[in-house]
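**Student:** Here it is: the structure, laid out below.
Only the coordinates and a few stated rules stand behind these numbers; no lab work does. It should be emphasised that the depicted structure is a prediction, and the values quoted were computed from it without experimental measurement. All Cβ positions, even for glycine, are placed from backbone atoms using ideal geometry, and neighbour counts span all protein chains on display.
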Amino acid sequence: MISPGAAPAPAGVAPAPSDALVVVENLVKHYRTGRQVVRAVDGVSFTIGRGETFGLVGESGSGKSTVARAILRLHEPTAGRVLFDGVDLGSLGPHELRRQRRLMQIVFQDPFASVNRRKTLSEIIAGPLVFQGERDQPKIQARVARLFDIVGLSQAYAHRHPHEISGGQCQRVGIARALALEPSFVILDEAVSSLDVSVRSQILNLLKQLQRDLGLTYMFVSHDLAIVRYMASNMAVMYAGRIVEVGPRDELFERPQHPYTHALMGAIPVPDPERERAKTKVLTLEAGPALVDRGGCRYVARCPIGRSQEVCATVDPPLAAVGAGHAVACHFPQSAESVVAASAAAAAAAGGAPAAAAAGPPATAGGAPADHAVT
Amino acid sequence: MTVQGPRVARPPDVRAAASPAASGAPVLDVRNLSVSFATPAGPVTPVRDISFTVAPGQRVGLVGESGSGKSLTALALMRLIHPPGRVTGQVFLGGTDLARLDGRELAKVRGGQVAMVYQDPMSALNPVQTIGHQIVEAIQIHADLGARDARDRAASLLADVGLQDPLRRMRSYPHEFSGGMRQRVMIAMAMSANPALLIADEPTTALDVTTQALVLDTLSRLVAERGTAVILITHDLGVAAGFCDDIQVMYAGRIVERAPASRLFRAPVHPYAEALLQSICDLDADITTELPVIPGQPPLPSALPSGCAFHPRCLYALDVCRTTEPAPFAVGTGGAMAECHRTDERIAGVVIAPVVGPGVR
Amino acid sequence: MAGTRDLEVAGPGAVALPGVMRRLLRRRAAAIVLVLLGLLILSAIAAPLLTSYSPTALAPRDRFLPPSPAHPFGTDELGRDLLTRVLFGGRIALGIGAASTVIAMLVGTAWGFIAAMRQGWTDEILMRLADATMAIPTILFALVLVAAFGASTVNLAIIIGLLLAPVTARLARSAALDELKSEYVLAAVASGATRTRILLSEVLPNTLPSLLVLATLNAASAILTEASLSFVGLGVQPPEASWGTLLFQGYQKLYQTIWYAIFPGVVIFMTIWLLNLLADQLQSVLDPRERESSRA
């Protein structure tokens, strides 16, 4: 993304071509179910620099996994462009695309579901090599053995099947498979979310080490803000198919602006009872019965600020810069205190007439750090 | 639209202390509970001889990872384990040994005095019946109310859990609700007979984190209003920290540490609890260094290590840990305990140097 | 949002054929069925060794004899030993049954897999073709084909195989569609696998259990169809006789002796029944285990 320290610019403006490995421009993915259209991804743009980790944060329905798959053309995008190292992925024919896949790989969330349970671990990891036409058996075996080492799996497991190993070990298999073709870009789609807490840190450490050793570029998709903070250097927050906030990690954690980002940060449970209870959690509003879409912000139904603002309901806010490389899609970007106040006012009004306290344009982007349980 | 305000810190005196004796007769008294299964490879015991009590209104967290046996414990408490599973030990609910009850009496107890909320509301709700029908049914099983009264009661319950316009929403089907709303309906159904004990098995694990916060808040308010005791089963220590008074950490089928939540997170005694807390990647994790790690993985119930089940992964393991299972050692006087041979050293604040152990994968 | 699954308690899942055999044999019912079927097949293969009579030797003086130590099944209208005729008939019946099952599975699986993989128009056309074929009554269809191509053993095998292919195609297609939704297929696509490669290396091994059950049921249908065709005279021609032919003869000669009809009938019944039982056992062994191991 926009490298930290660069002049403030609207998001979506690519840095110098040599820096960018992946450029996503206005990616759109719509699904048609009968007469309805599900706008899973609705115009998403960002840039991933070489060697960095880009974090994509969102909850279910945000479209983050769809973005990941659309980038790799595992699902064909409805519209938009994805440039990989200057190459327009959409322009590639099937044969060229298959060759291109050597360079861009993905690790899935459920380690057991993403491997063929009938194959041995060796066969699973060798899969990509075979699919790409490699026939030289000794060469394949050597590469597989090397991959076992790289991800920290004992060679003794070579002939075991997935159901004979643990979740953490199976995810290592998934990572080894992703690395088999020596890609430069790996998407980690909720790669640790299904793992036990005590195993997660093993895998996260491994991923960071691999990135250093092999010079990988990562896109880390997750709903867990804390893990994204640990892994990513730049990140974007998605809601309902759109990016609502994007920027360097530190900037986003110190000065979040979008009410949804505030809600996400506040909602993360902290394993410390005192801090957890002292923390002022900015809660979002309950998603009520589906409101008529009047073309406004997607978040308006749950936003303590926007639910009473006409502009929020009718005008879709574009991404606009609010700091160094930091952009927000919101008519009323907020500091934490004002969102808390708005929530409290909304609670006081108890869902009746729009709260008086929330009337009028609230405070804009402030420099005050968020008072969530953060650094 | 339902609106939630900022969460207020709970007054510290309202909840029961760690000691059940302080609040009179316990709601739940579990003694030597074990669950075993006969497999072709021999008997497997995922829950091994655990004992604990829950006082009225107390919130106990049962925290553990895969293979810890926490979910099976919940099922065993409700006597929902069927052959080939075998449950031994005693479970006293309000003084009555559940093992002595027959099917009909058990059915009255379940939902009546003890209710359960599950992880996946979609599978616990009947997809072809309206929400209203299911709640009314649940109410009428345990209370002698006519249809109209039951319906009113259902509507007020749904309002209690934060559902807007309950009478209209009652005519909807489960699939028309979001995950968070379905879970609230489950909570409403569980609380409909005012049980003395609520067992919540990973109630928010399948929900988004923002929805999770809302649902936990609702649950907290509801059980506080009614003085219901809660056993919250979760793998998420953050959730447990925010909700529970006391936490029981399970590992490989045993409760390895029991402590008040505030003390556990500040000063865990059992090496597993300590390592687990350290390895969590939370918002304070130091991004410049590697995350602390517990080497290896949790053991399968069918292949437990000798002695203390945690010893292969423990930084402080001694020879005795390899040979003998530790008994519960009391920590302080409030009922807290840890099952570790080195408990005394740890309580005394002796700094124990990690023993360089095998880096098991 | 996914929580932590109980990932540690995984059960047996690999379904290599030897494993299936082992699990089958552990069940008493399945073991009995397998043994009986095995005996049937063996007796057909070893027919010449089991009887001293020739299936075609005439001995008019010994017509319609009831069962006796010399003739355990009795004799037919030309004095031929019925046991011998049944044994040799078994060769034909089981032979055609096996061959047509193989043809049905090969054609049907390819048909269904290609439809599942390609989707869109190809899928539609292939499936409507299957529907159309299935809409034609079996015997009528067979009649036309036999009339057109003759009723040699080979032709019969092909015809019956083709008759069973559409149903196989439908089932293979739905099994394939299920697998194609899996994440490991997506992973294979992400690694650059071609469609054919995915079908062969990912889909086929995982659909093998359902296909195996289907093959067993197809075998039962094939044998029944062949017997029916022979019964109405469209099957094997004299002097060769399959069970169906014998049954027909026996039915015609019911007033002379009841034994003639009973034995072929019982044998047909037993074979089909055993095959259906086997399919049932296979289903139990393969499916719930699968579900258990993935949910464990």
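**Student:** Looking at C:186, C:250, C:108, which one has the Cα that reaches farthest to the positive end of the dipole of the range C:36-295 (charges on Cβ: Lys, Arg +1; Asp, Glu -1)?
**Tutor:** C:250
**Student:** Same structure, new question: Taking R0 as 45 Å, what's the FRET efficiency between residue B:348 and residue A:60 from their Cβ-Cβ distance, rounded to 0.05?
**Tutor:** For residue B:348 and residue A:60, the calculated efficiency is 0.40.
**Student:** Order of A:214, A:153, C:229 from fewest to most other C-beta atoms within 10 Å? Can you show the working numbers first?
**Tutor:** Details: A:214 13, A:153 22, C:229 26.
Going from least to most buried by this count: A:214, A:153, C:229.
**Student:** May I pose another question? Enumerate the helices in chain C for which the Kyte-Doolittle hydropathy averages -0.5 or more and the C-alpha atoms extend at least 20 Å along the helix's axis, using complete DSSP H runs. Display every interim value, and only then the final one.
**Tutor:** Values: long enough: C:28-45 (25 Å, 2.57); C:82-118 (52 Å, 1.40); C:120-135 (23 Å, 0.22); C:153-180 (38 Å, 1.27); C:204-231 (39 Å, 1.14); C:259-295 (54 Å, 0.33).
Taking the DSSP H segments of chain C (at least 20 Å long, mean hydropathy at least -0.5), we get C:28-45, C:82-118, C:120-135, C:153-180, C:204-231, C:259-295.
**Student:** Using amide H atoms built in the peptide plane, which far-off residues or other-chain residues are under 5 Å from residue B:47 H to H?
**Tutor:** B:35
**Student:** Which value, in debye to the nearest 20, describes the size of the charge dipole of the range A:17-249 about its Cα centre when Lys and Arg Cβ atoms bear +1, Asp and Glu Cβ atoms bear -1, and nothing else is charged?
**Tutor:** 460
**Student:** Could you work out the pair-distance distribution P(r) of the range A:17-249 from its alpha-carbon pairs, with 10 angstrom bin width and percents rounded to whole numbers?
**Tutor:** P(r) for the range A:17-249, in whole percents per bin: 8, 32, 36, 20, 4, 0.
**Student:** Net charge around residue C:272, counting only other residues with Cβ within less than 15 Å of its Cβ (Lys, Arg = +1; Asp, Glu = -1)?
**Tutor:** Values: positive: none; negative: C:226, C:280.
Local net charge: -2.
**Student:** By how many nm would the segment from residue C:237 to residue C:21 lengthen if fully extended, with 0.36 nm per residue of separation less the alpha-carbon distance?
**Tutor:** That works out to 74.0 nm of additional length.
**Student:** While we're looking at this one, here's another question. Enumerate the calculated ³J(HN,Hα) couplings along the range A:182-192 in order (Karplus 6.51 cos²θ - 1.76 cosθ + 1.60, θ = phi - 60°), each rounded to whole Hz, writing x wherever the residue is Gly or Pro.
**Tutor:** 6, x, 9, 10, 10, 9, 10, 8, 6, 5, 10
**Student:** Could you tell me which of rounded, prolate or oblate describes the range A:174-239, using a ≥ b ≥ c as the square roots of the eigenvalues of the alpha-carbon gyration tensor, with rounded for a/c under 1.5 and, failing that, prolate when a/b is larger than b/c and oblate otherwise?
**Tutor:** Here the range A:174-239 falls in the oblate category.
**Student:** Still on this structure, I have one more. What is the magnitude of the charge dipole of the range A:135-270 about its Cα centre, with +1 placed on the Cβ of each Lys and Arg, -1 on the Cβ of each Asp and Glu, and no other charges, expressed in debye to the nearest 20?
**Tutor:** 380
**Student:** Based on the Cα coordinates of the range B:125-191, what is the per residue volume of their convex hull in Å³?
**Tutor:** Dividing the Cα hull volume of the range B:125-191 by its residues yields 73 Å³.
**Student:** Could you give the nm distance between label points at residue B:330 and residue A:250, where each point is 7 Å from its Cα heading toward the beta carbon?
**Tutor:** Distance between the two pseudo-spin positions: 5.2 nm.
**Student:** Points 7 angstrom from Cα along the Cβ direction at residue A:213 and residue C:29: gap in nanometres?
**Tutor:** 5.3
**Student:** Moving on to the next point. Can you give the FRET efficiency for residue A:141 and residue C:144, using 1/(1 + (r/R0)^6), R0 = 60 Å, r = Cβ-Cβ distance, to the nearest 0.05?
**Tutor:** After rounding to 0.05, the efficiency reads 0.60.
**Student:** A further question follows. So, counting K/R as plus one and D/E as minus one, what does the shell of residues with Cβ under 14 Å around residue C:79 add up to?
**Tutor:** Net local charge, residue C:79 excluded: +1.
**Student:** Taking the 0 to 90 degree range and rounding to the nearest ten, how far is the long axis of helix B:131-142 tilted relative to the main principal axis of chain B, both from C-alpha atoms?
**Tutor:** Between helix and principal axis, roughly 80 degrees.
**Student:** For labels at residue B:108 and residue B:168 in the simple 7 Å Cα→Cβ model, what's the distance in nm?
**Tutor:** The answer from the label model is 4.1 nm.
**Student:** Report the calculated FRET efficiency for residue B:82 and residue C:78 (r = Cβ-Cβ distance, R0 = 45 Å), to the nearest 0.05.
**Tutor:** It comes to 0.10.
**Student:** If you place +1 on the Cβ of every Lys and Arg and -1 on the Cβ of every Asp and Glu, how big does the dipole about the Cα centre of the protein assembly as shown come out, in debye to the nearest 20?
**Tutor:** Computed charge dipole of the protein assembly as shown: roughly 1780 debye.
**Student:** Counting pairs of Cα atoms in the protein assembly as shown, how many percent are more than 56 Å apart? Don't skip to the end; give the middle numbers.
**Tutor:** Numbers: 136252 of 531996 pairs.
Counting every Cα pair in the protein assembly as shown, those more than 56 Å apart make up 26 percent.
**Student:** Can you find, among C:140, C:231, C:41, the residue farthest towards the positive end of the dipole of chain C? Put +1 on the C-beta of Lys and Arg, -1 on that of Asp and Glu.
**Tutor:** C:41
**Student:** Number of Lys-Lys pairs in the protein assembly as shown under 20 Å by Cα, sequence gap 8 or more or different chains?
**Tutor:** For the protein assembly as shown, the number of qualifying lysine pairs is 5.
**Student:** Could you tally the net charge around residue B:292, taking each other residue with its Cβ under 15 Å from the Cβ of residue B:292, Lys/Arg +1 and Asp/Glu -1?
**Tutor:** For residues surrounding residue B:292, the net value is -3.
**Student:** One-quarter of the Cα convex hull surface for chain C, in nm²? Walk me through the numbers on the way to the answer.
**Tutor:** Working: hull surface 77.4 nm².
Average projection, Cα convex hull of chain C: 19.3 nm².
**Student:** Let me ask another. Viscosity 0.890 mPa s, temperature 25 °C: Stokes-Einstein D of chain B from its Kirkwood Cα radius, in µm² per second?
**Tutor:** Result for D is 113 µm²/s.
**Student:** Mean residue ellipticity at 222 nm from the helices of the protein assembly as shown, using -39,500 (n - 2.57) per DSSP H segment of n ≥ 4 over the full residue count, to the nearest 500 deg cm²/dmol?
**Tutor:** Numbers: 37 runs with 443 residues, N = 1032.
Taking each H run of at least 4 residues, the total per residue is -13500 deg cm²/dmol.
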